[in-house]
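First up is the structure itself, then whatever we jot down about it.
What follows is calculated from the coordinates using simple rules that are stated; it is not laboratory data. Everything numeric in this text was worked out from a predicted model, so none of it was measured. Positions of Cβ are backbone-derived with ideal geometry, glycine not excepted, and every protein chain shown enters the neighbour counts.
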Number of protein chains: 2
Amino acid sequence: MANGSEGNGHAVRAEPLPAPLDASKLTITLADTLKPIPAAEDLVFGKHMSDHMMVSTYHPVTGWSAPEIKPYGPFVLDPVSSCFQYSTNLFEGMKAYINPEGKPQLFRPDMNMARMRRSRDRVALPAFDTDELLKLIQKLVAVEQRWIPNAPGHSLYVRPTIIGTRPSLGVAPSDHAILYVVCCPTGPFFRVSRMLSLMAVAEHVRSWPGGTGGYKLAGNYAPTFMPQAEAAKKGYDQVLWCIGDKITEAGAMNFFVSIRRDDGDIDVYTPPNDGLILPGVTRDSIMRLMSAHGTSTTLAGIAEKLHVAEREIHIADIARWAAEGRLLEVFTVGTAVVVASVGRIGVEGKPDLELPKHDGQMGPLARAVHTKLTNIQWGHEQFEGWSVVCE
Amino acid sequence: MANGSEGNGHAVRAEPLPAPLDASKLTITLADTLKPIPAAEDLVFGKHMSDHMMVSTYHPVTGWSAPEIKPYGPFVLDPVSSCFQYSTNLFEGMKAYINPEGKPQLFRPDMNMARMRRSRDRVALPAFDTDELLKLIQKLVAVEQRWIPNAPGHSLYVRPTIIGTRPSLGVAPSDHAILYVVCCPTGPFFRVSRMLSLMAVAEHVRSWPGGTGGYKLAGNYAPTFMPQAEAAKKGYDQVLWCIGDKITEAGAMNFFVSIRRDDGDIDVYTPPNDGLILPGVTRDSIMRLMSAHGTSTTLAGIAEKLHVAEREIHIADIARWAAEGRLLEVFTVGTAVVVASVGRIGVEGKPDLELPKHDGQMGPLARAVHTKLTNIQWGHEQFEGWSVVCE
């Protein structure tokens, strides 16, 4: 960039401080030795990290450091850093795929960047231009292309993260930070296609009006482990998070239900984006695809018109729809799982709520949106510019 | 410990694995060079860490490592560690004082240990015997005795912390951890005695039924920074956390109000320990001291009988008591501040609620409990074995 104040022969540029995040300053240092890539069938989510990571650090005086792609390795941090003491930490979850032209591509990364901005502002971490971060993510994915499994149901999971690193116990916003991106190859969430069982939990509450359940903060996750372990002990796959009788999320997934209407069409409901749910990228994408069904796209095997709406869903609603014979499908969606059908909901002190079984596999609507969405993610179909190639 | 299975001359002891936390295995490595201790008047909370820290790490196979007191220094951690990604982090806040015999002592450390157990179980971190941790804390405080400021209102702040260090993105409990204790000298929370102003906030909610507001989790803190900054911008010292009109906490402090009764006695109310507040050690201590006033102890200058009760307190209650001329004092309590009087509460869209001013200083009851409590903390008075000496 030209700088009019340079006129005395010195190479020092009078850039404004603190410096903004600037992808054009990226330096790349490749690992001397590359790791062996695990066989697709051996993949365990989050365990096999790729060779490199992207890192930029923030200092309150100098701002964001020149971003680096460098060998994956540890951070060295003061024991009183904000990230340990006050959880000034947040992340995003994205996936990269190899498209039919052999190029890596991301799915709707603008949605993740927008959510990351909201999360970051909510916990008062240093600001940065997420367009610059996205360029850095694209570059990292291109560098790590050999890690993207080219097998059905597989992808490279990409985890942008910010942690606050202010080295002080003072209860205050973190004015130091590390912004980083790491990657790991991932296979299907479930090895065998089957229906999930959910245990409704209202004793422990994930989110609340005015709380942080609508932000992708690290702090939202630790409190879910103990209830999840209790659900597993009782024989359920995941927790169905409720406020009283009202359903918010299932595990770390958004919740959908489909109902037969009197006119033969299908109503599809999902809880509203009112701060009680994480506004999922998969949730938004599936709502849009179902709304577009019959006009700008077609969901295979679904002859009915779909009416998609956000509305409160109570356990009692599901029981009533089931009793009336109108309940078609219950399914959950998320970046990791994509789409999973639910076969059973456990409610404390009551017999399990048995849902339509569809031979123990995915119901037709869940299957249709799963196929459509993964076709778009893999670049076999285009839809509204959702795919972004990493050059 | 004798071990009957040792009979073949080998020195290997067949200890059970994973190993429990064991203070008897402590090793101490002192720093070669000790830091200069800042002058008492230069202290900023949480900035000047002492020379040493206590560390034990947990591995799922081997258990807790032999604890170490060693020079204060950084941790080296994988970027996908649970502490960064899922906030499997919690802490405690304690203070150590020099008693009249010149020995360091802690104040009710059993209360901190009990709360730490509850927090740890809530986020599914590895278990350990907190009696062993307390022995290690006592030892660390004894090692760091020169860091305890011997000046009124000063003390050594002690921060036991656990962070989950499982090196995987899998959304699961952390089966690796670091348990550590760090210390810093601290002065009075406010340099000049004055009354706090609070801004009632209901748009952002710190805690909710079934949430984690009753546990001392790192994840409870980051979401408070943005509302706190907004309150400061509007000219208030701290946020008064509300659920609707119901008061829960003020900043990171518990809330008290005192009211003149028709019979001349004083009612003292504080919000109940129902999961919406952090069950503070200072809160509990002050409730006990006020309840004991006139029987097993005496609060200086307070002639009235005190009736202490937990009850819901609404902003409207405070406005009504003030209008009736019955409101005596509003004050907040916590480990850092001990006791602070409140002079003003801001409520969105209304004129500030002006509280009894007591010449802009502490009210008589706040002053009396502050004096009584700090006398006990400093060892000038004994009460129910609350002081624990660090040998």
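Using θ = phi - 60° and the Karplus form 6.51 cos²θ - 1.76 cosθ + 1.60, what ³J(HN,Hα) does each residue of the range B:319-332 get, whole Hz, x for Gly and Pro?
4, 5, 4, 5, 5, 7, x, 9, 6, 9, 8, 10, 8, 10
B:THR62 label point, 7 Å along Cα→Cβ, cut-off 14 Å on backbone N: hits in the range B:152-190?
Correct set: B:176-178.
So for the pair A:GLU324, A:GLU203, with labels modelled 7 Å out along Cα→Cβ, what separation do we get in nm?
My value for the distance between the label points is 3.3 nm.
Express as a percent, rounded to the nearest 5, the fraction of DSSP beta bridges in the range B:247-360 (both residues included) that run antiparallel.
For the range B:247-360, the DSSP antiparallel bridge percentage is about 75.
Helix B:130-143 against the longest principal axis of chain B: what's the angle in degrees, Cα atoms only, rounded to the nearest 10?
The angle comes out at about 90 degrees.
When chain B is turned about an axis onto chain A, which of its residues keeps its C-beta closest to that axis, and how many Å is it?
It is B:GLY219, 1, counting Cβ atoms only.
Would you compute, from DSSP H runs of 4+ residues alone, the mean residue ellipticity of the protein assembly as shown at 222 nm, taking -39500 (n - 2.57) per run and dividing by the full residue count, rounded to the nearest 500?
After summing the helix terms and dividing by the residues of the protein assembly as shown, the value is -6000 deg cm²/dmol.
Considering all alpha-carbon pairs of the range A:323-391, what whole percent are spaced by more than 16 angstrom?
Counting every Cα pair in the range A:323-391, those more than 16 Å apart make up 59 percent.
I'm a student and want to see the number: the projected area of the Cα convex hull of the range B:86-211, averaged over all directions, in nm².
10.9
Going 7 Å from Cα along the Cα-Cβ axis for the label, what nanometre distances separate A:PRO100 from the same residue across the other copies?
Distances to the matching label points in the other copies: 8.8 nm.
With r as the distance between the Cβ atoms of B:HIS314 and A:ALA300 and R0 = 41 Å, compute the FRET efficiency 1/(1 + (r/R0)^6) and round to 0.05.
Result of the calculation: an efficiency of 0.15.
Of the beta bridges DSSP finds with both residues in the protein assembly as shown, what % are antiparallel, to the nearest 5?
Looking only at bridges with both residues in the protein assembly as shown, the antiparallel portion is about 75 percent.
Which ³J(HN,Hα) values in Hz, rounded to whole numbers, follow from the phi angles of the range B:165-170 under the Karplus curve 6.51 cos²θ - 1.76 cosθ + 1.60, where θ = phi - 60° and Gly and Pro get x?
Coupling constants for the range B:165-170: 10, 4, x, 7, 7, x Hz.
Enumerate the amide H contacts of B:ALA172 below 5 Å, restricted to partners 5 or more residues apart or on another chain; note that Pro and chain-start residues carry no placed amide H.
none
If you count, for each residue, the other Cβ atoms within 10 Å and average over each peptide, how do B:140-151, B:83-94, A:31-42 line up from highest to lowest?
Result, highest mean first: B:83-94, B:140-151, A:31-42.
Quick one: what does P(r) look like for chain A with 20 Å bins over all Cα pairs, in whole %?
P(r) over chain A, rounded to whole percents: 25, 55, 18, 2, 0.
What percentages make up the Cα-Cα pair-distance distribution of the range A:149-237 when the bins are 5 Å wide from 0?
3, 9, 12, 14, 17, 18, 13, 8, 4, 1
I need the P(r) histogram for the range B:44-158: all alpha carbon pairs, bin width 10 Å from 0 out to the longest distance, whole percents.
All Cα pairs, binned at 10 Å, distribute as 11, 39, 37, 11, 2 percent.
Determine, from the Cβ-Cβ distance of B:ARG146 and B:HIS307 and an R0 of 51 Å, the FRET efficiency 1/(1 + (r/R0)^6), rounded to the nearest 0.05.
Approximately 0.70, to the nearest 0.05.
Could I get the Rg over Rh figure for the range B:252-382? Both from C-alpha atoms, Rh via Kirkwood, rounded to two places.
With Rg and the Kirkwood Rh in hand, the quotient comes to 0.95.
Calculate the radius of gyration of the Cα atoms of the range B:162-304 to one decimal place, then report Dmax, the largest Cα-Cα distance, as a whole number, both in Å.
Here Rg and the maximum Cα pair distance are 19.0, 63 Å.
Could you list log10 I(q)/I(0) for the protein assembly as shown at q = 0.08, 0.10 Å⁻¹, which the Debye formula gives when each Cα is one point scatterer?
Ignoring solvent entirely, the Cα scatterers give -0.76, -1.12.
Report, for B:GLY349, each distance to the same residue's label point in the other copies, shortest first and in nm; define the point 7 Å along Cα→Cβ.
Sorted ascending, the copy-to-copy spacings read 3.7 nm.
Amide H neighbours of A:MET53 under 5 Å, counting only residues 5+ apart in sequence or on other chains, H built in-plane at 1.01 Å?
Residues meeting the criterion, in which the H sits 1.01 Å from N, are A:LYS70, A:TYR72.
Multiply the residue separation of B:GLU354 and B:LEU34 by 0.36 nm, subtract the distance between their alpha-carbon atoms, and state the gained length in nm to one decimal.
Contour length minus the Cα-Cα distance gives 110.3 nm.
Return B:LEU299, B:LEU198 ranked ascending by Cβ neighbour count within 10 Å, so the fewest neighbours appear first.
B:LEU299, B:LEU198
Amide H to amide H under 5 Å from B:HIS307: which residues, 5+ apart in sequence or cross-chain, H placed 1.01 Å off N in plane?
Correct list: B:ILE266, B:ASP267, B:VAL268.
Provide a whole-number value for the mean count of partner chain Cβ atoms within 10 Å of the Cβ atoms in peptide A:48-56.
Averaged over the peptide's residues, the number is 1.
Compactness ratio of the range A:79-135: Cα Rg over 2.2 N^0.38 Å, N = residue count?
The value comes to 1.44.
Between A:GLU391 and A:ARG117, take the C-beta separation as r, use R0 = 35 Å, and let me know the FRET efficiency to the nearest 0.05.
Here the calculated transfer efficiency is 0.90.
Are any of the pairs A:LYS25/A:LYS95; A:LYS305/A:LYS372; B:LYS95/B:LYS139; A:LYS47/B:LYS216; B:LYS47/B:LYS234 more than 19 Å apart by Cα-Cα distance, and if so, which?
Where the Cα-Cα span goes over 19 Å, the pairs concerned are A:LYS25/A:LYS95; A:LYS47/B:LYS216; B:LYS47/B:LYS234.
Hey, for B:ALA142 with labels 7 Å out along Cα-Cβ, what do the inter-copy distances come to in nm, ordered shortest first?
6.2
Rank B:LEU353, B:ALA316, B:THR297 by how far each Cα sits towards the positive end of the charge dipole of the range B:284-380 (+1 on Lys, Arg Cβ; -1 on Asp, Glu Cβ) and give me just the farthest.
B:THR297
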